[in-house]
Amino acid sequence: GAAVVEDRHAPDLADRLAALAPGGYDRIIEVDFGANAGMDIALLAPNGIIAAYSSTSCPEPRLAYYALQSKGGTLRTIQGFNLPAEARARAQDDIARMADAGRLRVAVGAVLPLARIAEAHRLVEAGTVIGNVVVAPSGG
């Protein structure tokens, strides 16, 4: 469970996050590294880790190397398909267990019928929906 979950599009996001952890964050899980690298490094605690699993807005991001180095920070890229088979299986089991126990909360931002799948893709690509875009076989 994340200690802090915020709207990544909020204009005052960096200030709000800095106020919550004046000493910085030990771990930052990043969904768009290219868009947020500067803020992430600024908010990182000494010897902290940024775990980035996407950089959609900027596939070849620039890195403020010395800003990250001065904190002893680590940038770790994550690709779920490259996880060792045992780690992936454990994660899948953990997710299933949490879902069965009612402890897994998935943010759904929009539900669209299959007939509107092109619109669902546009919503995801635009990044304007907070939560997942679900395509349902019928209804929506």
Note to self: Given the options 72, 1, 38, name the one that is modelled with pLDDT of 95 or more and part of a loop (DSSP other than H, G, I, E, B).
What the structure shows: 72
Note to self: Scan segment 80-94 and tell me whether some residue there is of a type outside the set (A, V, I, L, M), closer than 23 Å to residue 40 by Cβ, open to solvent by 50 Å² or more (accessible area, probe 1.4 Å) and outside any strand (DSSP E or B).
What the structure shows: yes
Note to self: Between 45, 91, 87, 101, which is within 17 Å of the chain's Cα centre (by Cα) and among the small types (Gly, Ala, Ser)?
What the structure shows: 91
Checklist line | Matching residues in segment 108-130 - criterion: being within 15 Å of residue 31 (Cβ to Cβ) and at pLDDT 85 or above | finding: 109, 124, 125, 126, 129
Check: Say we look at segment 103-114 and pick out the residues that are exposed (fewer than 11 other Cβ atoms within 10 Å of the Cβ) and either free of Cβ contacts under 8 Å to residues at least 24 places away in the same chain or in contact with a Phe, Trp or Tyr (Cβ under 9 Å, 6 or more places away or on another chain) (or both); which of these is nearest to residue 133 (Cα to Cα)?
Finding: 105
Next item on the list: Go through segment 115-135 and count every residue that is among the small types (Gly, Ala, Ser) and either surrounded by 13 or more Cβ atoms within 10 Å (Cβ to Cβ) or under 20 Å from the mean Cα position of the chain (by Cα) (or both).
Entry: 4
Checklist line | Tabulated pairs, segment 15-27, first within 21 Å of residue 74 (Cβ to Cβ), second assigned to a helix (DSSP H, G or I), C-beta under 6 angstrom, 6+ apart or interchain | finding: 17/43; 24/43; 25/43
Notebook entry, point to check: Going through segment 45-69 one residue at a time, which ones are under 12 Å from residue 29 (Cβ atoms) and either at pLDDT 95 or above or of a type in the set (Lys, Arg) (or both)?
Noted result: 48, 49, 50, 51, 52
Margin query: Which pairs turn up if I take residues in segment 83-102 that are touching a residue at least 24 places away in the same chain (Cβ under 8 Å) and look for partners that are not in a helix (DSSP H, G or I) with beta carbon separation below 7 Å, at least 6 apart in sequence or on another chain?
Written below: none
Notebook entry, point to check: Do we find that residue 51 is in a strand (DSSP E or B), within 18 Å of the chain's Cα centre (by Cα) and free of Cβ contacts under 8 Å to residues at least 60 places away in the same chain in this structure?
Noted result: yes
Note to self: Out of 122, 97, 90, 116, I need the residue that is of a type outside the set (Val, Ile, Thr) and under 23 Å from residue 10 (Cα atoms). Which one?
What the structure shows: 122
Check: Does residue 6 satisfy the criteria of being touching a Lys or Arg at 6+ places or on another chain (Cβ under 7 Å) and either over 30 Å from residue 138 (Cβ atoms) or open to solvent by less than 60 Å² (accessible area, probe 1.4 Å) (or both)?
Finding: yes
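The values are calculated or read from the model by the stated rules, or taken from the named source; none is laboratory data. Given the structure is predicted, the values throughout are model-derived calculations rather than measurements. Cβ atoms come from the backbone with ideal geometry, glycine included; neighbour counts cover every protein chain shown. These area figures cover heavy atoms from the full protein model, side chains too; ligands, DNA and RNA do not enter into them. Shrake-Rupley method; radii C 1.70, N 1.55, O 1.52, S 1.80 Å.
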